[in-house]
Amino acid sequence: MIEPLTLAGSDRTVGRDLDDLADILHASVEAGASVGFVTPFTLTNAREYWQGLRGPVGAGARVLLGARRDGVLVGTVQVVLDSPPNGRHRAEIAKLLVHPAARRGGLGATLMAAAEEVARAHGRTLLVLDTRTGDDGERLYRRIGYEAAGVIPRYARASDGDLEDTIYMFKELS
């Protein structure tokens, strides 16, 4: 089940989601995901990242979607809606994460379909994203209709610190 997550309230009221989100992010980085963090990366670091999104999510600048299996949060994706006036037709997809234990079951594609619906509901007709060149993410995005805009060599550090190429991709929504 895909649902919007708010991150609103105190740590007590959203503590379970914050713990699950931190676990997903931490496990993904430890498994080698190139999502902006390098090791060593702790659960505390992951929790701080999600807590930092309370403002943008609460203000509607970004929509955070979560996927649950058996009541446990196992995947997430963000739709970044905050754009300058000349870019209000587009949104960015950020941090598609599926817990390593829940991968290979179509959850990434399901989260992306939900993210595209959120974008459409906000009047967005163009989605953009970036991912590590040659990664599983690139294959998923191509499979669901994203096209390459270009590759920047040695753009970002992988979780192990090595510099890797990044591919920028886009999809026009109908």
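The values are calculated or read from the model by the stated rules, or taken from the named source; none is laboratory data. All values reported here derive from a predicted model rather than from experimental measurement. Here the Cβ is made from the backbone with ideal geometry for all residues, glycine too, and neighbour counts use every protein chain on show. Keep in mind that these areas ignore ligands, DNA and RNA; they rest on the heavy atoms of the full protein, side chains included. Shrake-Rupley method; radii C 1.70, N 1.55, O 1.52, S 1.80 Å.
Of the residues making up region 46-60, those that are touching a helix residue (DSSP H, G or I) at 6+ places or on another chain (Cβ under 8 Å) and surrounded by fewer than 21 Cβ atoms within 10 Å (Cβ to Cβ) are 47, 49, 51.
Any residue at all in region 72-79 that is closer than 21 Å to residue 130 by Cβ, touching a residue at least 12 places away in the same chain (Cβ under 8 Å) and of a type in the set (Ser, Thr, Tyr)? Taking every residue of region 72-79 in turn, at least one turns out to be closer than 21 Å to residue 130 by Cβ, touching a residue at least 12 places away in the same chain (Cβ under 8 Å) and of a type in the set (Ser, Thr, Tyr). Of all residues in region 33-66, those satisfying the criterion of being among the aliphatic types (A, V, I, L, M) and either more than 15 Å from the chain's Cα centre (by Cα) or not in a strand (DSSP E or B) (or both) are 33, 35, 38, 43, 46, 53, 57, 59, 61. Take residue 7 and decide whether it is open to solvent by less than 30 Å² (accessible area, probe 1.4 Å) and part of a strand (DSSP E or B). Judged against the criteria, residue 7 is not a match. Looking only at region 67-77, decide whether some residue is part of a strand (DSSP E or B) and among the polar types (S, T, N, Q). The answer is yes, given that some residue of region 67-77 is part of a strand (DSSP E or B) and among the polar types (S, T, N, Q).
For residue 72, state whether it is open to solvent by 40 Å² or more (accessible area, probe 1.4 Å) and modelled with pLDDT of 90 or more. It is true that residue 72 is open to solvent by 40 Å² or more (accessible area, probe 1.4 Å) and modelled with pLDDT of 90 or more.
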